[in-house]
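The values are calculated or read from the model by the stated rules, or taken from the named source; none is laboratory data. No experiment lies behind these values; they were computed from the predicted model shown. We place every Cβ from the backbone using ideal geometry, glycine too, and count neighbours over all the protein chains shown. Keep in mind that these areas ignore ligands, DNA and RNA; they rest on the heavy atoms of the full protein, side chains included. Shrake-Rupley method; radii C 1.70, N 1.55, O 1.52, S 1.80 Å.
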Amino acid sequence: MSNIKISKLAGDLKNLRKKPIPGITAEPIDENDLTVWKGRVEGAKGTPFEGGYFHFKIEIPKNYPFEPPIVTMKTKV
């Protein structure tokens, strides 16, 4: 993994911990491997999804940030 990639991902993680996004969480599954993250989104208020939690997995490709992350929903919607 390149140093640029590690620095970018470490900075993203630091920013998310410092300034969380309401209703969304994301963090590495293993603090020693910043290429695989888990996350959760809360269902939007006033929708049939309100009160629900939707889990997803983020995989960071080798060519990140020149290739987008791969996001897989883990919760059936």
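As a test of the formula, what do you get for the chain when each DSSP H run with n ≥ 4 contributes -39,500 (n - 2.57) and the sum is divided by the residue count, at 222 nm and rounded to the nearest 500 deg cm²/dmol? Walk me through the numbers before you get to the answer.
Working: 1 runs with 16 residues, N = 77.
One gets -7000 deg cm²/dmol as the mean residue ellipticity at 222 nm.
Leaving out ligands and nucleic acids, note down the accessible area per residue over region 11-77 with a 1.4 angstrom probe, in whole Å². Before the final figure, lay out each step's value.
Values: 5150 Å² over 67 residues.
Solvent-accessible surface per residue comes out at 77 Å².
Please compute the Kirkwood hydrodynamic radius over the chain, one decimal place, Å, based on all pairs of different Cα atoms. Could the numbers behind the result be given before it?
Details: mean 1/r = 0.0741 Å⁻¹.
So the Kirkwood estimate lands at 13.5 Å.
Roughly what angle does helix 3-18 make with the longest principal axis of the chain, taking Cα atoms, 0 to 90 degrees, to the nearest 10?
30
Would you mind checking the pairs 8/76; 18/74; 19/45 and listing those with alpha carbons more than 24 angstrom apart? Please list the in-between numbers first.
Working: 8/76 31 Å; 18/74 26 Å; 19/45 22 Å.
Violating the 24 Å limit, Cα to Cα: 8/76; 18/74.
Which whole-number percent is the relative contact order of the chain (Cα, under 8 Å, 6+ apart)? It would help to have the intermediate numbers written out before the result.
Working: 106 pairs, mean separation 15.7, N = 77.
Rounded, it is 20 percent for the chain.
Could you list the GluC sites (Glu not before Pro) in region 10-77 that lie in coil according to DSSP, counting only those with at most 12 other Cβ atoms within 10 Å of their Cβ?
For GluC sites (Glu not before Pro) across region 10-77 that sit outside H, G, I, E and B with at most 12 neighbouring Cβ atoms in 10 Å, the list reads 31, 50.
Just to confirm a number: summing +1 for Lys and Arg and -1 for Asp and Glu over residues other than residue 30 whose beta-carbon lies under 15 angstrom from that of residue 30, what do you get? Write out the running numbers ahead of the final one.
Numbers: positive: 38, 57; negative: 27, 31, 33, 59.
Around residue 30, the surrounding residues sum to -2.
Just the number, please: carbon plus sulfur as a percent of the accessible area of the chain, 1.4 Å probe, no ligands or DNA/RNA counted. Intermediate results must be reported in sequence, preceding the final value.
On the way: 3370 of 5860 Å².
Accessible surface attributable to carbon and sulfur in the chain totals 57 percent.
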